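Just so you know, all these numbers are worked out from the coordinates, no wet-lab data involved. Remember, predicted model here, so these are calculated numbers, not experimental data. With ideal geometry, Cβ positions are generated from the backbone for all residues, glycine too; neighbour counts draw on all protein chains shown.
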Amino acid sequence: MMNKMRIMQGISAIVATSCAMLLIVLNVPLLWRIVTVIILIASLSFGANLYIRERIAQERRLIRAAHSSALDLMHHQRHDWMNDLQLLYGYVRLKKYDKLPVCVETIKARMTEESRISKLGVPELVMFIMHHRTSGGTMPLQVSIPDSLELNRLALAVNEHQLTDVVIQAVQTFRFAPKVEIEHSNPLHLAFAREPEGLVIRYQYEGKLLRPGEVAEQLKRIASERNVRLEQLSVKQDETCDVKEAYQLVVPCSA
């Protein structure tokens, strides 16, 4: 359907261009000029109508995708809360009351984190972080956000859509990068911080990348295309000698 609509738009553009060239170049009789003008107007109207219909269809697809993503997120959230309730109920039934404070504190910490994510003020970014935080597969997101950080209230050098695009593309760069095969999942730490030079977004992968140079090049391309600064942080090694790849993107922000 989409290809058919684009073909029709192309035909309409060709007809309109031909009519315009005919009117400009050739000295045709008045009657033919009138007919050519009518065809030109009809072609432009038809092309504009097709363009509007395509935009409406595209917006509807985006809305359906957003609804689907929201429902998927609700499903994962419900699954997580059910697991927490079952754990609490299990401790109560087994009379392991000493386990309850730790369990409750874990739930409180998760609620606090979710609250901070939801207050970022950029809906598309919030949905992405919440979704990949609960269904990250082999690379779950571990998010760190300071209290009261509202991105939509900052005078950033990029708009909300560009900011979301930067964050998502950087996360996906790590997600799809070749990694050393392991039995357990290694998280990607994603941290937001408001610093004097601007908004700082830090990425630190806990596993080992097979081709870290390619990841660095992709991150450089993402940063340069959005006019943000990329900085590579000191690479640390833990006791198991796993290399932790760490980078940060700095988004300029006025006072």
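Dipole of the range 42-131, Cα-centred, from +1 at each Lys and Arg C-beta and -1 at each Asp and Glu C-beta, to the nearest 20 debye?
Approximately 200 debye in magnitude.
Which of the peptides 195-205, 146-156 is most tightly packed, and how do the rest follow, judged by the mean count of other Cβ atoms within 10 Å per residue? Kindly include the intermediate steps, with their values, before the conclusion.
Values: 195-205: 17.1, 146-156: 12.9.
Final packing ranking: 195-205, 146-156.
Could you calculate, for the range 137-255, the ratio of the Cα radius of gyration to the Kirkwood radius, expressed as Rg to Rh?
0.97
Give the cross-link partners of Lys96 among the aspartates and glutamates, using a straight C-alpha distance below 16 Å as the criterion and excluding same-chain residues fewer than 8 apart.
Asp84, Glu105
May I ask you to evaluate 6.51 cos²θ - 1.76 cosθ + 1.60, the Karplus curve with θ = phi - 60°, for each residue of the range 41-47 and list the ³J(HN,Hα) values in order in whole Hz, giving x for glycine and proline?
Result, ordered by residue: 5, 5, 5, 5, 5, 5, x Hz.
From the phi of every residue in the range 143-159, what ³J(HN,Hα) in whole Hz does the Karplus formula 6.51 cos²θ - 1.76 cosθ + 1.60 yield, where θ is phi - 60° and glycine or proline is x?
Calculated HN-Hα couplings, in order: 9, 10, 9, x, 4, 6, 7, 10, 5, 5, 9, 8, 8, 7, 6, 10, 7 Hz.
Any aspartates and glutamates with Cα under 15 Å of the Lys220 Cα? List them, leaving off those in the same chain fewer than 8 positions away.
In chain and number order, the partners are Asp165, Glu231, Glu245.
Any chance you could get the radius of gyration and Dmax over the Cα atoms of the range 100-139, in Å?
So, for the range 100-139, Rg and Dmax equal 12.0, 35 Å respectively.
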